[in-house]
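Here's the structure we're looking at; comments come further down.
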Amino acid sequence: MALIVEDGTGKADAESYVSVADASTYLTAYGEATVWDTKTEGEQEVALRQATRWIEAMFTNRWIGERVQQLQALGWPRSSAVDQDDWQIGYDSVPVRVVQATAILAVKSLSEELLPDTAAGSGPLKSKAVSAGSVSKSVTFAGVAVPYKVYTLAQSLLRPLLQPVGVMERG
């Protein structure tokens, strides 16, 4: 089944924010295509669908602006949205940050489940260890387990496109 990519028109059947070709270009440019390139196009399409689904599940009620089409499948494109520098984001486009985050998460989805079923598996995340070279850091969440995985790079890319916590999108 061919991947249906949001092109900025607010498609009712869009499944991904980025095409396989554009994800491949981005991932290659940043040296993250090693695993990606070993997968079939069908596997890459599934990974992009999974990544888009994660983004939608996590942020659908927090995007800035308003959807441009009532029946559009995904959160973008949006109208009345401005970026972190107060520049208007085109109502007929998907921000580059959303495209990049989708590609990054697609690679992650090839080796792990982005939206784990905490009822049937290991339970919520209680701590997270990160290491870079000789530096390693572990964080334990005080008293509250986080019910989802944290993908720092992808979430950092998306943060400027989100309303502050506690501010919800209009009906």
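Residue check: K108 meets all listed conditions (1) among the basic types (K, R); (2) under 15 Å from Q155 (Cα atoms); (3) in contact (Cβ under 8 Å) with a residue 60 or more places away in the chain but one, namely (3).
So for the stretch 82-89 (the condition being over 15 Å from L114 (Cβ atoms), exposed (fewer than 12 other Cβ atoms within 10 Å of the Cβ) and touching a residue at least 60 places away in the same chain (Cβ under 8 Å)), does at least one residue qualify? Checking the stretch 82-89: at least one residue is over 15 Å from L114 (Cβ atoms), exposed (fewer than 12 other Cβ atoms within 10 Å of the Cβ) and touching a residue at least 60 places away in the same chain (Cβ under 8 Å).
Among the residues of the stretch 76-116, those identified as more than 22 Å from A57 (Cβ to Cβ) and among the acidic types (D, E) are D83, D85, D86, D92.
Whenever a residue of the stretch 143-154 is in a strand (DSSP E or B), its partners that are at pLDDT below 85 and of a type outside the set (A, V, I, L, M), lying with C-beta atoms within less than 8 angstrom and at least six residues away or across chains, give the pairs V146/P124; V146/K126. Which condition from (1) surrounded by fewer than 16 Cβ atoms within 10 Å (Cβ to Cβ); (2) under 19 Å from S156 (Cα atoms); (3) at pLDDT 95 or above is the one that T28 breaks? Of the numbered conditions (1) surrounded by fewer than 16 Cβ atoms within 10 Å (Cβ to Cβ); (2) under 19 Å from S156 (Cα atoms); (3) at pLDDT 95 or above, the odd one out for T28 is (2). Among residues of the stretch 10-36 that are in contact (Cβ under 8 Å) with a residue 24 or more places away in the chain and on the phi > 0 side of the Ramachandran plot, those with a Cβ under 9 angstrom from a residue that is surrounded by fewer than 19 Cβ atoms within 10 Å (Cβ to Cβ) and of a type in the set (A, V, I, L, M), sequence gap 6+ or separate chain, pair up as G10/V68; G10/L71; G10/A73.
Here are L158, L71: which of them is part of a loop (DSSP other than H, G, I, E, B), within 20 Å of E6 (Cβ to Cβ), of a type in the set (A, V, I, L, M, F, W, C) and at pLDDT 70 or above?
The match here is L71.
Residue count for the stretch 1-25, restricted to those that are part of a helix (DSSP H, G or I) and surrounded by 13 or more Cβ atoms within 10 Å (Cβ to Cβ): 5.
The values are calculated or read from the model by the stated rules, or taken from the named source; none is laboratory data. These numbers come from a predicted model, not from an experiment. Counting neighbours? That spans all protein chains shown, and the Cβs are built from the backbone with ideal geometry, glycine included.
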